[in-house]
Amino acid sequence: MPLVVNSNGGHVVKNRLFKTVLVCALAAGLVGYCNPVPLPPPRNFPSGKNLPQRKGALRIRPAEAAHIKFAKYRDPSGYFSMNVPLGWKVRTGLKPDGKIDLISYAITVYDPKRPERELYFCLNNVFGLKSVAARDWYVRNYGPASHFAKMPVLPELSTAGFFAAMGPLFGYRQFTVLERLGKSALGGDVVVAECTAASGRRMQGLYHATITSTSQPVQRNPFKPGAGMVDVGSVMEFSILSETAPKEEFLDWQPVLDRCLASIVFTPAFHQQRKEAWAHVMGRSRYIMQTADSIRGMVMDSYRRRNATYDVLSQKRSDATLGYERVQDTETGEYYRAENGFTDWYDGTRYRPATDNAAYLTPVSGYINWK
């Protein structure tokens, strides 16, 4: 076909070709409008009515803490058994000589992938001194390498004071009490607190310790009678417990850690050997042995009766920082974290905004995202 040029120098054939393509495109659009191609149904989405249309597929990622599987752990020494999440590690305290310390017996259960998720349970410990003056006395009289001279000083004889002092030994810092929940039946303070882990992440946890101390007043300086007295008695802690997780996850993981603690069962052999060790070291002092389950009941009673205002504010702050909002499944009653904006464009009825306090005091079942 010969090329025909119009009076304006335009190419007629090209104009016709452009018009033809434009008409075809508009026609295709109209056909698509009148006969929309159905989208594939959302994947991994719970059955329900009124699912959002033409929005892409929804993905529900189950919350890890809500789907934990447990396995029975039996201590190789035959001292205890307990249930731990699959893949988690268990360790017990050893003396410098490699022998098991039956007096200050401690059990640590932790997630190797996220070590901030941890249960620490210790029957008792001789930990510190009451004042810097007491430590100076031991340094002056027994040398800086002596056992008591190296003991830390507790800023206060309380659960908070104990964990703040032990922080450097356990690899965390900046221990800050968020809420004081009162005394347990054992006499120890129960607190909810935050600290910074060795990884740099902020942790939140539930803490308990019963603090006792011995009184041993001595002359501060025997060569200066007028220098006064100083109490060099040691501080002891019993029934030590901490349940921790990353700050934004603690509410979800606390029930898992609590279940681990409640499952600890000490064997008769452990009780007998520890009683003998206690008598050898402590003489006729009262043998102290509280089972993990009894301690759990005392501590958790305080936790259940706490003022949960901070938990709500903390969870809301965490959601805002991470870009989530809370929604509730109207069919199951479960709560989820959904991407910000979910309730703005979701036109179904199964999921609804959740703003009541229960939404922030209940572990979430999963996370909702668009694919």
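Read-outs throughout are calculated quantities, based only on the coordinates presented, and are distinct from any laboratory measurement. Bear in mind that the values here come from a model prediction, so they are computed numbers and not experimental data. With ideal geometry, Cβ positions are generated from the backbone for all residues, glycine too; neighbour counts draw on all protein chains shown.
Projected label points at residue 221 and residue 133, each 7 Å from Cα along the beta carbon direction, are separated by 1.3 nanometres.
Rounded to the nearest 0.05, the FRET efficiency derived from the C-beta distance between residue 290 and residue 141 at R0 = 41 Å is 0.70.
Charging the Cβ of each Asp and Glu at -1 and of each Lys and Arg at +1, and nothing else, the dipole of region 68-306 about its Cα centre rounds to 260 debye. Of all aspartates and glutamates in the structure, the ones whose alpha carbon falls short of 17 Å from that of residue 113, not counting any fewer than 8 places away in one chain, are 64, 243, 248, 249, 252. Of the residues 166, 212, 223, the one whose Cα sits farthest towards the positive end of the charge dipole of region 154-287 is 223 (charges of +1 on Lys and Arg Cβ, -1 on Asp and Glu Cβ, taken about the Cα centre). Placing unit charges on each Cβ (+1 for Lys and Arg, -1 for Asp and Glu) gives region 70-156 a dipole about its Cα centre, and among 124, 87, 102 the Cα reaching farthest toward its positive end belongs to 87. Centre-to-centre, using Cα atoms only, region 325-354 and region 166-221 are separated by 39 Å. Shown for 299, 90: other C-beta atoms within 10 Å of each C-beta, ranked fewest to most, produce the order 90, 299. Normalising the average separation of contacting C-alpha pairs (under 8 angstrom, six or more residues apart) by the number of residues puts the relative contact order of region 68-306 at 21 percent. Using the structure shown, list the pairs from 69/183; 69/316; 89/247; 99/247; 183/224 with a Cα-Cα distance above 31 Å, or answer none. From the list (69/183; 69/316; 89/247; 99/247; 183/224), the Cα-Cα distance tops 31 Å for 69/183; 99/247; 183/224.
Electrostatic tally near residue 115: other residues with Cβ closer than 10 Å to its Cβ, Lys and Arg +1, Asp and Glu -1, net +2. Annotation: the residues 282, 289, sorted from fewest to most other C-beta atoms within 10 Å of their own C-beta, follow the order 282, 289.
So for each of 253-262, 75-84, 129-138 I average, over its residues, the number of other beta carbons within 10 Å; can you give me the resulting order with the highest mean first? Let's see the in-between values first.
On the way: 253-262: 21.0, 75-84: 16.2, 129-138: 18.4.
Per-residue mean Cβ counts within 10 Å order the peptides as 253-262, 129-138, 75-84.
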